[in-house]
Structures are given as C-alpha cells and as structure tokens.
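Here is the structure we will look at, set down as structure tokens.
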Amino acid sequence: MRPLNVVVLGATGSIGRQTLDVIDRNPDRFKLFGLTEGVHTSNREAEYLVRGQAGDPEFDDQVESMVRDARCDLVVVAIPGARALQPTLSALEAGKEVALATKEVLVMAGALVMKAAGARGIRPIDSEHSAIWQCLWGEERKNVRGLVITASGGPFWAHPDLDLDQVTVEQALNHPRWSMGPKVTVDSATLMNKGLEMIEAHHLFGIALEAITVVVHPQSVVHSLVEFVDGSLKAQLGRPDMRLPIAVALAYPDRLPDAVPPTSVAELNGLEFYDLDESRFPSVRLARHAALTGGGHPAVLNAANEEAVKDFLAGEIPFSGVVRTVEAALAAFPGCGDDLDEILAADRWARGYVQDLSGSLRAQ
Ligand code: MG
C-alpha cells in the first residue's frame, strides 16, 4: 500500500509540528503532500507549500486547490480559530478524510460540518474527543448514556483564593500539564476550552448537550470517559502527549507502534476527580446555554472568546474580563438562523461587538 498523502493546515503551530513528527517517523505510512505555514517556516518540501494567513484571498485559493487535489488523501486541520472553517468544509466537500484539531470549526458550524462529513465522520485530534472516539469504537450509539469530559482545571482552578482580576498573562500561559498554543492555553485557564469541547463532542458524536458533563481531573491521565446504559464506564488513559491523538487520527483504524512512550500502571496512583465549580468558572454554563439556543449563538460565543483572548494577551483587559466579555456579547446578540452565511455574519458581529467594547474601555 502506498503512503497516505497528508496535507497539514497550520504546520508551524504546536499541533502542526507534532503532526509532522508523526509523519516523519512513519514514512512507510504517510507522505507530507502539502502544508500551510503562518509566521514561522518549517523548511519542508512538499507538492504544495502555502505561506501566509487564512483569510487572505490568495492563500485561501491555494489552500482550496491543495485540499481538493485528487492525490490528497487526508487533511489535518490545525489552523487556530474560526479561519479553519472554510478549508475544513472544502476538504469534506471534496470527499477527503479530515483529522480536526480546531474545535472552533465544530463550535461555530457543527451541524453543517457534520452534514458535509456524512457517514465518513471526522477524526478528532482534540485529546478528550480522541479518547471518547476510541471508547466508542465497536459500540452502538443507542447504548451510550452520556459523555464525561475531563479538564485539567488549568493553572487557577487549584487556587480558589486567587483574585482572577489580578492574574497576569504569564500566569495564564503557564499550563500545569499540556504544552499548547497561547489561545488554547488561555481557554484552559478560563475553562472556556471545556465549554467549546462540550459543543464539539455534541456534534462529533451526536450526544445531547444535557448528557455531557465536565469533571476536573488535575493529573490529565484519563482523557475522557463514556457512560453506557448498563452502568459501565469506559475511559482512555495515557500520558498527556498530543502525538497520541494525532497518531490515532492519522492511522485509523490501525494503531502506530510506539507512537508515544508506554504508560505504566504504577504511574496511575492518586488519580483525582472533582466537580467543576460553575460559579467561579461560568464558561461551561455559558457554552451549554449558547449551544442550546442554537442559530448563531455558538458562533458568537466562539468569536467573542477569540477576540477577548487577544485583548487579554495584549494586556488590554483583565483575565476575568474574557468570560465577562463573552457573556456580554451573548446577551447583546439579536440571534439569527443557522445557514453558513448567517453563521459567518454572527461571527463578524461578535468580533465587532468586542472591538467596540474594548475601544470604549480604552477611551475611558
Ligand atoms: Mg482538549
């Protein structure tokens, strides 16, 4: 069998670089067919090398040709944020397998994306969703009672006396378990990452939002769980290492030998699980509410969060201002339908809303 031709969208980010590592270590199975690079360069050779930013028309045209090329087998989507939506839809419409790291795509337009994926589905790279996916292999959906998504809790969860108005960007970027890009690291600290992941899981696996819970599990060894109607729980465990979910997504339904170092049972002492305090960390509640309301609300949640995280990283708003901004945007949003144009308009509305809000704060 010839190696799979893999396109990596977002090759110079954290997930992109680890994907290239998995490809390099398995040359008999995978060939780097094409890639996109943002600010940094990877010195890679491939059939397609697209440099620049998603949203720039020339970049978008080249990505379009690359993911629709008949020789491309699998597209890894690791461009951060809402800009990954259009290339994901293009790859799916062209009949490609898609391995998705960018949860924002499903948060914004989950119903449209899953419809475009059809029976083929999407291969999740998010570690929690990879865990759930693995637990569901060979299981019938009617036998699933619910999903339990684990959260590390981020850097602030274990410090209940810390004033979240005072924490610094440096503190927020200091994640205790996972090494990730700045956007998802801040999302982990606000717990918005779990709100987004709840909506992501709802679309990926067709499970009702009310049947998905979040528990804090500081060790990040149990990556998530599935509860079945007979009372059984299945979990997937391993070290926190994103190369595992990447390897699972690339090699499905096979498994890559030695994708990561083995997890020894002796390391599993003292696993802890705690309920999430939704009054201190209201992100999951906000996300659930936005997804239940539907229409453009999840897109507003996502876009307002992206903009507010940028403002926080730029030192313009306090840490707790991120979630307050998202809440304000959701409350002000007049609502819309759920076709692609309306969702994209909701995304733009939310970005404008947050920019106006931070502009008026700066003017004070
Ligand atoms: Mg995750």
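The values are calculated or read from the model by the stated rules, or taken from the named source; none is laboratory data. It should be emphasised that the depicted structure is a prediction, and the values quoted were computed from it without experimental measurement. Neighbour counts are summed over all protein chains in view; Cβ atoms, including those assigned to glycine, are modelled from backbone coordinates with ideal geometry. Note: areas computed on protein heavy atoms with side chains; ligands, DNA, RNA excluded. Shrake-Rupley method; radii C 1.70, N 1.55, O 1.52, S 1.80 Å.
Of the listed peptides 164-176, 18-30, what is their order by residue-averaged count of other C-beta atoms within 10 Å, with the highest listed first?
Ranked from most to least packed, the peptides come out as 18-30, 164-176.
Roughly how many Å is it from the Cα centre of the range 79-141 to that of the range 312-364, as a whole number?
Value for the Cα centre distance between the two parts: 25 Å.
Given a 1.4 Å probe and every protein chain left where it sits, what share in percent of the accessible area of the chain is carbon and sulfur?
On the way: 8050 of 15780 Å².
The value for the chain is 51 percent carbon and sulfur by accessible area.
Please identify every one of the GluC sites (Glu not before Pro) in the range 1-95 that sits in a loop by DSSP and has no more than 12 other beta carbons within 10 Å of its own beta carbon.
Glu45
Take each complete run of DSSP H in the chain, measure how far its Cα atoms stretch along the helix's own axis, and keep only those covering 18 Å or more with mean Kyte-Doolittle hydropathy at least -0.5; list them.
Length and hydropathy pass: 192-205, 297-313, 319-332, 340-363.
Charges at C-beta only: +1 for Lys and Arg, -1 for Asp and Glu. How large is the resulting dipole of the range 107-232 about its Cα centre, in Debye rounded to 20?
Working: 9 positive and 14 negative charges, 118 e Å.
Using Cβ point charges on Lys, Arg, Asp and Glu, the range 107-232 gives about 560 debye.
Setting aside same-chain residues fewer than 8 positions from Lys183, which lysines have a Cα under 17 Å from its Cα?
Lys103, Lys194, Lys310
Listed highest first by mean packing, meaning other Cβ atoms within 10 Å per residue, what order do 100-110, 268-278 come in?
Ranked from most to least packed, the peptides come out as 100-110, 268-278.
In what sequence, highest mean first, do 239-248, 209-218, 252-261, 193-202 appear when ranked by Cβ atoms within 10 angstrom?
Details: 239-248: 22.5, 209-218: 18.3, 252-261: 12.4, 193-202: 26.8.
Order by mean packing, descending: 193-202, 239-248, 209-218, 252-261.
Size of the dipole of the range 221-364 about the Cα centre, Lys and Arg at +1 and Asp and Glu at -1 on the beta carbon, nothing else charged, in debye to 20?
The dipole magnitude comes to about 260 debye.
Could you list log10 I(q)/I(0) for the chain at q = 0.07, 0.09, 0.12 Å⁻¹, which the Debye formula gives when each Cα is one point scatterer?
Cα-only, vacuum Debye calculation for the chain: -0.28, -0.48, -0.89.
Just to confirm, what accessible area per residue do you get for the range 134-204 at 1.4 Å probe, in whole Å²?
Computed with neighbouring chains in place, this is 42 Å² per residue.
Could you tally the net charge around Gly296, taking each other residue with its Cβ under 11 Å from the Cβ of Gly296, Lys/Arg +1 and Asp/Glu -1? Could the numbers behind the result be given before it?
Numbers: positive: Arg348; negative: Asp338, Asp339, Asp341, Glu342, Asp347.
Net charge around Gly296: -4.
Out of the DSSP beta bridges found with both residues in the chain, what percent are antiparallel (nearest 5)?
If I count the DSSP bridges inside the chain, around 35 percent turn out antiparallel.
Using a probe radius of 1.4 Å on heavy atoms only, what accessible surface per residue do you get for the range 252-364? Whole Å² is fine.
Per residue, the range 252-364 has an accessible area of 52 Å².
For the chain, what is the mean residue ellipticity at 222 nm derived from helices alone (per DSSP H run of n ≥ 4: -39500 (n - 2.57); sum divided by total residues; nearest 500 deg cm²/dmol)?
Taking each H run of at least 4 residues, the total per residue is -13500 deg cm²/dmol.
Using R₀ = 35 Å, calculate the FRET efficiency as 1/(1 + (r/R₀)^6) where r is the Cβ-Cβ separation of Lys115 and His289; round to 0.05.
E(calc), rounded to 0.05, equals 0.90.
Determine the shape class of the range 258-335: with a ≥ b ≥ c the square roots of the Cα gyration tensor eigenvalues, call it rounded for a/c under 1.5, and otherwise prolate if a/b is greater than b/c, oblate otherwise.
In terms of gyration-tensor shape, prolate.
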